[in-house]
Amino acid sequence: QLIPAIFKSLSGRYEWHVLTDAKGLDTLKGVAGLHLHTALSDAALDDLWQKTDIFVHPSLWEGYCLPAATALSRGIPTIFTGGSGIDEVVGGAGLRLENTASAEAWAAAIDAIGRPSEVWAERCIKQWSKLPGWAEVARHTQDLYGTLIA
């Protein structure tokens, strides 16, 4: 619901693609200028990522950090709502906003990142290299479950 207000606050130099579910499509279908997508194939999603300069994630539900991790792995800076695991995933490779941030604050963050640059790509590479792999995450999860059972 924040996306139309953010989009309206932007300078107009951005092409915004929104990947959403059916409820999101209903909410956003009347917003002129937004490109709406749902239920994309892997190939279509990959194509969309290749054309992405900034990943904007105003959701309060982070999607298990997978979209942010994907952006990071591709060198795409992320602007996100903080307060969950996404903070740890994105780190310095993006901008964190509070869940109470206004549409104007989101638009200012988008303008602050602007077009992709070497600085953001380097930050993404650095942050990506800090993240644990799946095997390490599984090991930590198993260790945690072991302490809960004991």
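Each residue was assigned an accessible area with a 1.4 Å probe, and for E122 the value is about 110 Å².
Entry comment: accessible area of the chain is 63 Å² per residue, from protein heavy atoms only and a probe of 1.4 Å. By the Stokes-Einstein formula, at 1.002 mPa s and 20 °C, the stretch 61-150 with its Kirkwood radius over alpha-carbon pairs has D equal to 150 µm²/s.
Evaluated with a Cβ-only charge set (Lys, Arg +1; Asp, Glu -1), the stretch 37-126 carries a dipole of roughly 120 debye about its Cα centre, given to the nearest 20. The fraction of accessible area contributed by carbon and sulfur in the stretch 76-150 is 58 percent, rounded to a whole number (1.4 Å probe; ligands and nucleic acids excluded).
Could you work out the longest stretch of the chain that avoids the trypsin sites (Lys or Arg not before Pro) located in DSSP loops with at most 16 other Cβ atoms within 10 Å? Looking at the chain, 75-150 is the longest stretch - no exposed trypsin sites (Lys or Arg not before Pro) with at most 16 other Cβ atoms within 10 Å.
Think of the stretch 35-150 as having a plus end and a minus end, set by charges on the Cβ of Lys, Arg, Asp and Glu; of L95, P132, V56, P132 sits farthest toward the positive end of this dipole. Think of the chain as a dipole: +1 on every Lys or Arg Cβ, -1 on every Asp or Glu Cβ, centred on the Cα centre; then among T27, A44, A109, A109 lies furthest on the positive end. Loop sites by DSSP among the chymotrypsin sites (Phe, Trp or Tyr not before Pro) of the chain, restricted to those with at most 14 other Cβ atoms within 10 angstrom, leave 65-150 as the longest stretch without any of them. Dipole magnitude for the stretch 60-112: about 180 debye, using +1 per Lys or Arg Cβ and -1 per Asp or Glu Cβ, origin at the Cα centre. If only the Cβ of Lys and Arg carry +1 and only the Cβ of Asp and Glu carry -1, the dipole of the chain around its Cα centre is close to 180 debye.
The values are calculated or read from the model by the stated rules, or taken from the named source; none is laboratory data. From a predicted model like this one, the values you see are computed outputs, not experimental measurements. No Cβ is skipped: glycine too gets one built from the backbone with ideal geometry, and neighbour counts run over all protein chains shown. Each accessible area value is taken on the protein alone, full model and side chains, heavy atoms only, with ligands, DNA and RNA left out. Shrake-Rupley method; radii C 1.70, N 1.55, O 1.52, S 1.80 Å.
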